[in-house]
Every structure is written in C-alpha cells, then in structure tokens.
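Down below is the structure, laid out as structure tokens.
The values are calculated or read from the model by the stated rules, or taken from the named source; none is laboratory data. Everything numeric in this text was worked out from a predicted model, so none of it was measured. Positions of Cβ are generated from backbone atoms using ideal geometry, with glycine treated the same way; all protein chains shown enter the neighbour counts.
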Amino acid sequence: YNKHKGKPLKDEDVLHQLPVGTTATFYFRDLGSQISWRTVFLTECIGPLFIYLMFYFRVPFIYAPKYDFTTSKHWVVHLACLCHSFHYVKRILETLFVHRFCQGTMPLRNIFKNCLYYWCFAVWMAYYINHPLYTPPYYGEQQVKTALGIFVFCQLGSFSIHITLRNLKPPGSKTKKIPYPTKNPFTWIFALVSCPNYTYEVGSWLGFTVMTQCVPVAFFTIVGFIQMTMWAKGKHRSYLREFKEYPTLRSPILPFVL
C-alpha cells in the first residue's frame, strides 16, 4: 500500500480481470535505480570470501611486516578458513544454480548496505582469527571438533532446505506453496519451523563461533540471528495470511520458542 488507496498490481495481473468499474485510476511509482537480487547476493558473498583469505595469507600492510605471508601454527585457524570459505562458496553456487527469486530486482542502495554489513564483519572476524597472537579455544581439540560437527550438520541442512524450496517453485512461477518435510531427514524440521533455512544458518554461525571462540564472530552471529528472526517472522505471518490450512504447530525460526 502507498499514500493512494488501493493495492499494488502484480506483473501478471490482467486489466479486464481487475475488480474495477468502467473507469479506474492508476498511479505509477518511480522505484529508482534497481539491481537484480542475484547480483546483490553474489556481491555480498564474494567480498567476505576474498577479504578473509587476504587476512589468512597475511598479505602485507595488515599485520607487522615480519608476519607477511606467514602461516598460523594453530590448526584451528586453518580449519576456520576452510569452513568460512566453504560457507561462502556454497552460498555463491546456490545463488547461481539453486535459488529462484520471486522478485527480479531491489533498490540499488541495498547493495551498499548489504555489502557494508557482510564485508565489515568479514574484516573484523578475519583480523582476529588470523592474528599472529590468536589464542586457540579454551577446551582445545574437543571443542573444535564438536563445533565442526555442528557447522557441517547445519550446512548440509541449509543446502537441503534450499533444494526443497527450489523444487516448490517451477521456473518462472510466482505461485507460493506450503513447504513440507520430505524423505530427506534435514527437511523434517519443516514440521516445527516455517523458515528452517534461517535456523540452519544461525546454527552454522553458532558452530563457527564455538570453533574459533572469537568475540567478533559471536557478535556477527547475534546480529544475524536478530535479523533472520525478523525475516522469519515476516514470512511466517505471510504463510498464515495466505494459507488457511497452514500448520499451526510451526514457529518462525526456533521450534516452540520463537
């Protein structure tokens, strides 16, 4: 809705099928410069991938000159780089080959806002994790392995959910359907949660936080959880509004809690 009364029209709406009389007034709104969702997603993911690697390889002018192109003596640092890179490569590949976007574009300003968020956090995290004075997790190898298990589990879950959501939407279709659990065990969480892709995403970063025991990562996880909770609540409300038969047991992002 805007300041003029009435609903915005969809691209597929047909004029003679609209519930109006013999005359109707249309208002056109200038949305400003637009950019595709795919381009925004790719840009916000490619940045953190390369930024993190710059710190991992300790390119000059980041740390003291004596540390240029040196490697950490802690194996968890190398594992963290592998996990971080895997996460963003996965997101890039999903953007290219899995995701189907209902809306073709978003405002151009969003790319600056989104990139500022992801890129700045990548700098903050990478600086401390790859710092020559980085201290490994307090509980050592057991803590790292447990966290790695959480990370891998949630990454597999995230991919499974994205594939399930893709299969709900044929190419070119904008029709919404209720997602349900499939034979894939990672999708069974759909019985309790409306947006398990966000649940798994938060779980992945929680695992990465425990693995690195790094404050910037914890802060990124908390901020991301807050943002994804807002998105999940919005999508949950949309499901309830559009589908009268929508399962009432489901919560937006955390089963029985939130």
Item to check | Answer residue from the range 55-73, given it is surrounded by fewer than 16 Cβ atoms within 10 Å (Cβ to Cβ) and of a type in the set (S, T, N, Q) and is farthest from ASN130 (Cα to Cα) among those | outcome: THR70
Checklist entry - Only one of these conditions is not met by HIS131: (1) surrounded by 15 or more Cβ atoms within 10 Å (Cβ to Cβ); (2) assigned to a helix (DSSP H, G or I); (3) of a type outside the set (A, V, I, L, M, F, W, C). Which number is it? => result (2)
Checklist entry - Among (1) outside any helix (DSSP H, G or I); (2) outside the structural domain of VAL77 (by TED's automatic domain parsing); (3) of a type outside the set (Phe, Trp, Tyr), which single condition is LYS145 missing? => result (1)
Item to check | Flag for ALA218 being more than 30 Å from TYR138 (Cα to Cα), outside the structural domain of PHE97 (by TED's automatic domain parsing), of a type outside the set (S, T, N, Q) and not in a loop (DSSP other than H, G, I, E, B) | outcome: no
Item to check | Search result, residues across the range 180-215 that are more than 18 Å from the chain's Cα centre (by Cα) and surrounded by 19 or more Cβ atoms within 10 Å (Cβ to Cβ) | outcome: VAL210, MET211, THR212, GLN213, CYS214
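Let's see how each residue does on (1) modelled with pLDDT of 95 or more; (2) assigned to a loop (DSSP other than H, G, I, E, B); (3) loosely packed, with under 15 Cβ neighbours inside 10 Å; (4) assigned by TED's automatic domain parsing to the domain that holds MET125:
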site: ASP11; (1), (2), (3), (4): no, yes, yes, no
site: HIS16; (1), (2), (3), (4): no, no, yes, no
site: GLY21; (1), (2), (3), (4): no, yes, yes, no
site: PHE26; (1), (2), (3), (4): no, yes, yes, no
site: CYS45; (1), (2), (3), (4): yes, no, no, yes
site: LEU53; (1), (2), (3), (4): yes, no, no, yes
site: VAL76; (1), (2), (3), (4): yes, no, no, yes
site: ALA80; (1), (2), (3), (4): yes, no, no, yes
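Give the residues of the range 55-103 that are of a type in the set (Ser, Thr, Tyr) and within 26 Å of THR164 (Cβ to Cβ), sorted by residue number.
Across the range 55-103, the qualifying residues are SER85, TYR88, THR95.
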Checklist entry - Would you pick out the residues in the range 160-203 that are in contact with a Ser or Thr (Cβ under 9 Å, 6 or more places away or on another chain), modelled with pLDDT under 95 and of a type in the set (D, E, K, R)? => result LYS169, LYS176
Next on the checklist: Of the residues GLU201, GLU245, only one is of a type in the set (Asp, Glu) and either assigned by TED's automatic domain parsing to the domain that holds CYS120 or part of a helix (DSSP H, G or I) (or both); which?
Outcome noted: GLU201
